[in-house]
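For reference, the structure is listed below as structure tokens.
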Amino acid sequence: MALTNLALTNLALTAETPRPRAALKDLCISFPRPDLPPLEVVSGISLDVAEGEFVAVVGPSGSGKSTILRAICGLLKPSGGQVLVDGKAVAAPPPQVGFMFQKDALLPWRTVAENIRVGAELGGTPAAEQAAQVARLIKLLRLEGFENAWPKQLSGGMRQRVSLGRLLAYRPSLMLMDEPFGALDYQTKIAMGLELLRVWEAERRSIIFVTHDIEEAVALADRVVVFSARPARILAEYKVHLPRPRHMRAMRSDPAFTELTEAIWSDLALPD
Ligand SMILES: Nc1ncnc2c1ncn2[C@@H]1O[C@H](COP(=O)(O)OP(=O)(O)O)[C@@H](O)[C@H]1O
Ligand SMILES: [Mg+2]
């Protein structure tokens, strides 16, 4: 009886405190420099990202945002602290992590559909199911009619949609996105943000979304983490209590949206 109770207590505890998808524990990163002390880029960042949570990271340019993503996907070894993905210390790139950068990394010699299929192949979708998966993503990302187009024939926004399709086809449980819409014009950027939210609401994955755009961070995320200038520390963290699905126009006139963006503006000490 006592044993059963203990087991139940443990279960309850696990249910209340689920393991975070990703955890940074007092992460420090510095780069050696010849004839100079090491360049300290990240200084003691601790951050948990829950299952299905959308976390945005904002911070000034050069503050170490991309560096942190590289540490999370195992491309860079931290000089101190730890990165855990699904409870395991990251040594090599963890297979459950996928990433997307500002510049698309599409294969120029493959069509739209073939580029998305690369994600399905790498993600281990059985060959017989890949075509259906690709077709579903083409539809989801409104790329119908462009299945056989080459990347160079597409606009920047469409290329990023294909990149997103490839990322989703890979089915990562944690998506790292480094200013993915940063090179797009304003309208396309808003449209892509909404597209991402639509997809994320349909198939909840954990996302760490890096941007220098405060409004974009608040518009998309469940939580916004504000980094200081280099070396990166966490200056502030905000839960975003705006209703979902998010509607850009209504949101921009919501006082909660304005308050949050103003607060982050002050944290970053941007001019009045
Ligand atoms: N491999 C590296 N070697 C030396 N310095 C680096 C390396 N990677 C990044 N840095 C430096 O770390 C700082 C933070 O870079 P980064 O993470 O790209 O900033 P952010 O993405 O916030 O704009 C910059 O000063 C950059 O020059
Ligand atoms: Mg960067």
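Computed quantities for the displayed model
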read-out	value
Residue in the stretch 158-181 that is out of contact with any strand residue (DSSP E or B) (no Cβ under 6 Å at 6 or more places or on another chain) and over 27 Å from residue 118 (Cβ atoms) present	no
Complete set of residues in the stretch 136-166 that are more than 20 Å from residue 187 (Cβ to Cβ), open to solvent by 10 Å² or more (accessible area, probe 1.4 Å) and among the aliphatic types (A, V, I, L, M)	140, 149
Matching strands (runs of 3 or more DSSP E) fully within the stretch 43-107 where at least 3 residues are aliphatic (A, V, I, L, M), within 15 Å of ligand 1 (Cβ to nearest atom) and closer than 26 Å to residue 264 by Cα	54-58
Considering residues of the stretch 117-126 that are assigned to a helix (DSSP H, G or I) and open to solvent by less than 80 Å² (accessible area, probe 1.4 Å) only, the residue nearest to residue 78 (Cα to Cα)	119
Some residue of the stretch 64-78 being surrounded by fewer than 18 Cβ atoms within 10 Å (Cβ to Cβ), closer than 24 Å to residue 173 by Cβ, modelled with pLDDT under 95 and in contact with a Pro (Cβ under 7 Å, 6 or more places away or on another chain)	yes
Criterion violated by residue 28 - all others in (1) at pLDDT 95 or above; (2) within 16 Å of ligand 2 (Cβ to nearest atom); (3) surrounded by fewer than 21 Cβ atoms within 10 Å (Cβ to Cβ) satisfied	(2)
Residue 172 within 16 Å of ligand 2 (Cβ to nearest atom), part of a loop (DSSP other than H, G, I, E, B) and crowded, with 19+ Cβ neighbours inside 10 Å	no
Test result for residue 86, touching a residue at least 40 places away in the same chain (Cβ under 8 Å), touching a strand residue (DSSP E or B) at 6+ places or on another chain (Cβ under 9 Å) and closer than 26 Å to residue 201 by Cα	yes
Filter result for residue 114 (open to solvent by 20 Å² or more (accessible area, probe 1.4 Å), under 13 Å from the mean Cα position of the chain (by Cα) and away from ligand 2 (no atom under 13 Å from the Cβ))	no
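The values are calculated or read from the model by the stated rules, or taken from the named source; none is laboratory data. If you're wondering where the values come from, they're calculated on a predicted model, not measured in any experiment. Cβ sites come from the backbone with ideal geometry, for glycine too, and all protein chains shown count toward neighbours. Heads up: the accessible areas ignore ligands, DNA and RNA and are worked out on the full protein's heavy atoms, side chains in. Shrake-Rupley method; radii C 1.70, N 1.55, O 1.52, S 1.80 Å.
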